[in-house]
Amino acid sequence: MIIFRLIGESFRFAADALRQNKLRTMLSLLGITIGIFTIIAVFSGVDTLRNKLQASVDKLGSKTLFVQKWPWGFGGDYPWWKYVNRPEPSLRDYEGLKTRLEHVDGISYEATATSRTIKYRSSSVEGAILHAATQDYDKTWNLDYQEGRYFTDNEGKNGAPVVILGAEIAKGLFSGEPAVGKQIKVMGRRVTVVGVFKKEGEDMLGMSQDNNILIPLNFAKGLFDVQSGNYDPQINIRGKENIALEEVESELQGAMRSIRRIRPGTEDDFALNKTTMITNQLDTMFKMVNIAGWVIGGFSILVGGFGIANIMFVSVKERTNIIGIQKSLGAKNYFILLQFMFEAIALCLLGGMLGLALVYGLTLISKYGFDTEVVLYMKNIFMGVGISLIIGTISGFWPAYSASRLDPVEAIRS
């Protein structure tokens, strides 16, 4: 109980010292406040952007692989000359994979025609993205509907003139009226709307079903060459949940080499792209941004830490005779030590709280003023408090230790 009473007394001494020197306290807080604000603001912005980008990547599916002509490239040094003469993924490749692959839940062939004009009576929507896909497309992509359904097996097999619209396309054509059952014109052909994708909104990578339309591949064969490189054909493969992605990728690579009769030791003439490539690139990019945040904020915190240490030395000098009186009355060294340590830690915690409050204010301004959401995550709050505690402990220890070692007689005489 005596220990707790002594700690309580130390807190009260520290609080009194901070109240009696308000201007000095505020100036001492400034460096820590700026440092915590800088670090936590950078981390909050980076974490928010990272999570939004990751949510966009997750739409592709963590178990999904894409057989394409071009490998996904990041950075300026992209050896395009190695890939320009590669063949496009073909329907023959697709049919071969369907018979060879065992560790998959779905395989689909897809071709894309961009910037199409869709018409309904006197209404039209420009810039629609037309996707033509085989029946298993819904097994390789996560599709949600606000109206209607997916293609039936007969519609996909027979190439029926049916279409699924993105939410923005449906809104532009029908102005909020029900779309299912209506006939629209796509590339000069009449097709019947059987479904409308659920509205998603634009994400960080620009991926959204809102401006897409989907038709069966067998129907699209009568509209354009679905195997032409002009329509970016690709094969989508979704692996089974209980099978590791590396195992699915290995099986897919072996099957593609077998289908295309690539000799052992010869380089692949196709690309296997996956979402982990984007995730790894994001990790590298944001790691550099985090380091920059630590460097910028670290200098402010370092300056603030030196400032608090200097103020604590001044505080010890001002209260030397009081320390002597306390020690002559029986105060232990650790009581004096705790007194000044608590004062330094309290200063840093106040500065950290002010920095966090500024970051929170910034998130509100960005949300309501600029319609951009930045989230102050709980882990960043804990980080700010933790940094403040560490800096307070480091900055206050030596002044507090020197105060605790003062000789009581010499201290009173000072």
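The values are calculated or read from the model by the stated rules, or taken from the named source; none is laboratory data. Model, not experiment: these values are computed from the prediction. Positions of Cβ are generated from backbone atoms using ideal geometry, with glycine treated the same way; all protein chains shown enter the neighbour counts. Protein only, heavy atoms only, side chains kept; ligands, DNA and RNA dropped before computing areas. Shrake-Rupley method; radii C 1.70, N 1.55, O 1.52, S 1.80 Å.
Numbers below:
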{"item": "Unmet requirement for SER108, which otherwise passes all of (1) open to solvent by 10 Å² or more (accessible area, probe 1.4 Å); (2) more than 18 Å from PHE197 (Cα to Cα)", "result": "(1)"}
{"item": "Of residues in region 346-369 being modelled with pLDDT of 80 or more and open to solvent by less than 10 Å² (accessible area, probe 1.4 Å), the one farthest from the chain's Cα centre (by Cα)", "result": "CYS348"}
{"item": "Residues that are among the acidic types (Asp, Glu) and surrounded by fewer than 16 Cβ atoms within 10 Å (Cβ to Cβ), drawn from region 147-167", "result": "ASP153"}
{"item": "Test: VAL162 is more than 21 Å from THR276 (Cα to Cα), of a type outside the set (Ser, Thr, Tyr) and in contact with a helix residue (DSSP H, G or I) (Cβ under 7 Å, 6 or more places away or on another chain)", "result": "yes"}
{"item": "Identity of the residue in region 119-146, farther than 29 Å from ASP93 by Cα and in contact with a Phe, Trp or Tyr (Cβ under 9 Å, 6 or more places away or on another chain), that ends up most open to solvent (accessible area, probe 1.4 Å)", "result": "GLN146"}
{"item": "Of all residues making up region 253-279, the number that are open to solvent by less than 50 Å² (accessible area, probe 1.4 Å) and not in a helix (DSSP H, G or I)", "result": "9"}
{"item": "Failed criterion for THR275 (all others in (1) over 30 Å from TRP70 (Cα atoms); (2) at pLDDT 75 or above; (3) not aliphatic (A, V, I, L, M) hold)", "result": "(1)"}
{"item": "Strands (runs of 3 or more DSSP E) enclosed by region 177-252 - at least 3 residues per element that are β-branched (Val, Ile, Thr)", "result": "189-197"}
{"item": "Selection count where residues are over 39 Å from the mean Cα position of the chain (by Cα) and small (Gly, Ala, Ser), scope region 155-199", "result": "4"}
